[in-house]
1. Convex hull over the Cα atoms of the range 32-123, averaged projected area in nm²?
2. Using a 1.4 Å probe, what is the accessible area per residue for the range 1-85, in Å²?
3. For the range 1-70, what are the per-bin percents of Cα-Cα distances with bins 10 Å wide, up to the bin holding the maximum?
4. Report the FRET efficiency, 1/(1 + (r/R0)^6), for R27 and Q82, where r is their Cβ-Cβ distance and R0 is 35 Å, rounded to 0.05.
Amino acid sequence: QVQLVESGGGLVQAGGSLRLSCAASGRTISSYAMGWLRQAPGKEREFVAAIGWNSDNTYYTASVKGRFTISRDNAKNTLYLQMNSLKPEDTAVYYCAATHNIPTRWLREYEYWGQGTQVTVSS
């Protein structure tokens, strides 16, 4: 069992930056692919980014490519999401998640989820 706790969310102006962290406990995340997902008010949860267990592969949804960077530190059992050039449409609750499978954009493939951290981008 893996427990995931996100942090680093907050209120930021458009064009600003935030760095989200996801601290894992219970088991090491080194054997899991990890992902960031988000859910905006009134919308379905959607894929943001994913990373392989050894950081060899990263994937992004088109709307964040070039602005967001996913990374991980297996020694610290932590996942990160660096978010730059934030836009109001990035406002959402951001979740980290883990899967034994390959990195994926499919939410149903993720086995463990955090509780989420709120990111609000003002215009």
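The values are calculated or read from the model by the stated rules, or taken from the named source; none is laboratory data. Only a predicted model underlies this, so the values are computations on that prediction, with no experimental measurement involved. With ideal geometry, Cβ positions are generated from the backbone for all residues, glycine too; neighbour counts draw on all protein chains shown. When the accessible area is computed, the model is the full protein with side chains, heavy atoms only, and any ligands, DNA or RNA have been set aside. Shrake-Rupley method; radii C 1.70, N 1.55, O 1.52, S 1.80 Å.
1. The Cα convex hull of the range 32-123, projected and averaged over all directions, gives 5.9 nm².
2. Per residue, the range 1-85 has 50 Å² of solvent-accessible surface.
3. 16, 47, 31, 5
4. 0.90
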